[in-house]
Every structure is written in C-alpha cells, then in structure tokens.
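Every number here is computed from the coordinates shown, using simple stated rules; none is lab data. The structure presented is a predicted model; accordingly, all values stated were derived computationally and were not measured. A quick note on method: Cβ atoms are made from the backbone with ideal geometry, for glycine too, and the neighbour counts reach across all protein chains shown.
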There are 2 protein chains.
Amino acid sequence: MAKPSDSKEKTLAAAARLFCRRGYHGTALHDILAASGAPRGSLYFHFPRGKEEIAEGAVALGDRAVRAFIAQVAEASRSAETFAINLARGMAARLEASDFREGCPLATTALEIATDSESVGKATRDAFAAWEGEIAQVLRRFGIDKKRAAPAATAILSQLEGALLLARTYRSLEPMRRAEDAMRLLVTSPG
Amino acid sequence: MAKPSDSKEKTLAAAARLFCRRGYHGTALHDILAASGAPRGSLYFHFPRGKEEIAEGAVALGDRAVRAFIAQVAEASRSAETFAINLARGMAARLEASDFREGCPLATTALEIATDSESVGKATRDAFAAWEGEIAQVLRRFGIDKKRAAPAATAILSQLEGALLLARTYRSLEPMRRAEDAMRLLVTSPG
C-alpha cells in the first residue's frame, strides 16, 4: 500500500496534469483518482476541503515546476536575449512533447476560476507574480536596468502565455518562434 | 413568446458570456437556459447536437465581435502604433467594465477544449487565425512591410492574449499598460 505522502503527491501530480490539459471544471474527482491510482480514502484524508484544496496544491506544484524551469534556463543562458529565447524554446518543447496538450500549467485554471474561488485565484495570482519577479531578476542580472526589468518581464510572460495559447490551439509551434523575435526586440532595445 | 430566432440569439449570447467568464466545462446547459431566458424546448430545437453545437455558435459570436472590434479600432487609428495601443486600451476597458470577468471571449474555451472537441477546436483555431490575418492587414495598411506584418500580428495577438490573462488574474490593468509599450516597440522597430 502506498504511503500517505506518496498518495498525496500522486494525487497532486495527476490533478496538475489534468487541470493543465482540460482545466479545473473539466476534471472530475474520479478522473483524478483514476489517473493517480491513489485510494479514494486518501483523497478525503489529504484534502478534506475537496477539489478546491486539490487545486490549490496542484497550482503550487505547477508554480514550483515553472520556477525551477526559469532558474534552469537562466543558469544555461548567457544574455537576456538567449534567456528569453530559451524560455520560449523550453516551453515549445514541452508543448510538442505532450502532443500540444500541455501549455502553461496554470493558465486554464486561472481563466476559469479567477472570479469563482478566492483561494485558487490567489494561488494563481501569486504564482504569476512570482514568475514575473524571477524573470525580472534574471533580466537585471544580465544587465537590463532596474526600471525596465519589471515591465519587460511582464511583457515577456504575456508574450509567452499568449503564444502558448495560440500554439496549443493551432497545434503548431509557429507562434512560439514568432514570440522569440518579439522578445528579442524587447530585451535588446535601448529602451 | 419569443420568436425562435430570438431564442437562438439569446441562447448564443448567454452561452458566449458564460463560456468567457467560466469556460465551457464550467457552464451547464441549465446555466445557459437561466441566463438566456429562452424556453428549454428551443434549446433542443436550435441545437440538436447539444452543448458542443452551442459552443460552436458561441465561438462564432465571439469571433464576429472581435473582428468588428479590430475593424473599428483600425478605423479610429492613424498609425500601426496607435492601432496596437488602441487594441490594448479597448480590451482593457472591456475587462474593467466586466469587473475583470470578461477577457478574451475565446481563450478559456480554446484552452479547455483544444484536444477534446474537433469542431469547437477548429472554430477557435479559425477565429484566432482570422484575427491574426486582420491585424496583419491593418499593419500593412499602416506601412509595415509584407514580410514583417504577419509575424508582428502574431506577436501582437499573443501579447494581448497573455496580458489579458495576467490582468484578469491580478484584477489589475497594469499588464495591459505594459503590453502597450511592448507592442509599440514591435511596430516601430526598423527590423
């Protein structure tokens, strides 16, 4: 029998993937149970507040994955330009590897739930804001001045999120490639 | 009693608004009926294939609204730069007027359904592609050369979609304002 902590992690991983693919409302508790293989009892034990509590945990998981991805890309890049381009390429690779099913781990849930669940809304809000902050910090490390780094980070995250939406809908990476050029302009302009 | 055509239009208008606010899966048929005031029988009469057929019609409605908006903004703008900025401001105004509930009319549905419904997936795909095409055409009219207009239009649509996602999640128009600067750069760069 799986340890409780295993069940909890498996449940959150399955939920995060399903929410990413079909959104919060399109995922039923029995879908999560079936995908995780966790026993039904563990679900009520670990998440007494139900689906909303699972969503909070799934958002936290997606948040950590994206932060780790940003840090890893920053580590492997030598300039603000290569950093932005590598973000786009990493996301494009993930999208393609999932057969265009997995774009941003939080976007679908954020759009569905923004006004319905205070706790999930807050979790997505905090996650996006943290990504913006981390992108801005990397831009500063690569020499973008303080005043420009924050707005450029917002525009980079918007560009990536929008391009992922289009790429996923089209089942084509072309919007991601065009995002690279737009972001290159953004970080290399004399501002 | 409402004429059948009135019922059909009311049903589609209510569905489009609900799909925009909470997405396809978060909207039940009885929500659409309650919001539209249309009689239940008319729903089965006008949409024999059910919710998926309603979604196709709602996507078409959202598509037409966005195309009309793009045409209207183009008409009121004097340059590629003011065109892009006015797109962002018009969308920001709509988002704010809806208390941050209505961003892009199609984004939520597109993300939820991309892989589940062939017909709704195709409708959202065709709509986004048409918006890109119309934005590109306006850019060319304002002097952006043919080769640059299409990729710039994709980047503008991505920037707007991503900024709407962030603005809606944050309940703040700041990402829309930052999108203006990013798009200004995009359309005024000599590249």
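Tabulated data for the structure shown
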{"quantity": "For B:175-184, mean number of other protein chain Cβ atoms within 10 Å", "calculated": "5"}
{"quantity": "12 Å beta-carbon shell around residue A:11, net charge (K/R +1, D/E -1)", "calculated": "+1"}
{"quantity": "Computed over chain B: relative contact order in percent, which uses C-alpha pairs under 8 Å that are six or more apart", "calculated": "24"}
{"quantity": "Links that overshoot a 22 Å alpha carbon limit, given the list A:147/B:147; B:8/B:51; B:122/B:147; A:51/A:122; A:8/A:51; A:10/A:51", "calculated": "A:147/B:147; B:122/B:147"}
{"quantity": "Label point 7 Å beyond Cα along the C-beta direction, distances from residue B:50 to other copies (nm, shortest first)", "calculated": "2.3"}
{"quantity": "³J(HN,Hα), Karplus 6.51/-1.76/1.60, whole Hz, each residue of region A:166-175, x for Gly, Pro", "calculated": "5, 4, 5, 5, 6, 6, 8, 7, 3, x"}
{"quantity": "Cα shape, region A:60-114, gyration tensor, a/c 1.5 rule", "calculated": "prolate"}
{"quantity": "Interatomic Cα distance distribution for region A:1-85, bins of 5 angstrom, percent", "calculated": "3, 15, 23, 19, 12, 9, 8, 6, 4, 1"}
{"quantity": "³J(HN,Hα), Karplus 6.51/-1.76/1.60, whole Hz, each residue of region A:54-68, x for Gly, Pro", "calculated": "4, 5, 4, x, 5, 5, 4, 5, x, 4, 4, 5, 5, 4, 5"}
{"quantity": "Point-charge dipole on Cβ atoms (K/R +1, D/E -1) for region A:66-182, about Cα centre, debye to 20", "calculated": "360"}
{"quantity": "7 Å along Cα→Cβ, label-point gaps from residue A:79 to other copies, nm, shortest first", "calculated": "2.8"}
{"quantity": "Loop trypsin sites (Lys or Arg not before Pro), region A:20-93, which have at most 16 other Cβ atoms in a 10 Å radius of their Cβ (DSSP)", "calculated": "A:49, A:78"}
{"quantity": "At 1.567 mPa s and 4 °C, Stokes D of chain A from Kirkwood alpha-carbon radius, µm² per second", "calculated": "74"}
{"quantity": "Lys/Arg +1, Asp/Glu -1 at C-beta; chain A dipole; positive extreme among A:77, A:121, A:57", "calculated": "A:77"}
{"quantity": "J(HN,Hα) series, region B:35-42, from Karplus relation 6.51 cos²θ - 1.76 cosθ + 1.60, nearest Hz, glycine and proline x", "calculated": "6, 8, x, 6, x, 3, x, 5"}
{"quantity": "Over chain A: helical MRE at 222 nm, DSSP H runs n ≥ 4 each giving -39500 (n - 2.57), nearest 500", "calculated": "-26000 deg cm²/dmol"}
{"quantity": "Loop trypsin sites (Lys or Arg not before Pro), region A:151-191, which have at most 15 other Cβ atoms in a 10 Å radius of their Cβ (DSSP)", "calculated": "A:171"}
{"quantity": "Estimated dipole of region B:26-108 in Debye, rounded to 20 [Cβ of Lys and Arg +1, of Asp and Glu -1, Cα centre]", "calculated": "100"}
{"quantity": "R0 of 22 Å, Cβ-Cβ distance residue B:68-residue B:97: FRET efficiency to nearest 0.05", "calculated": "0.85"}
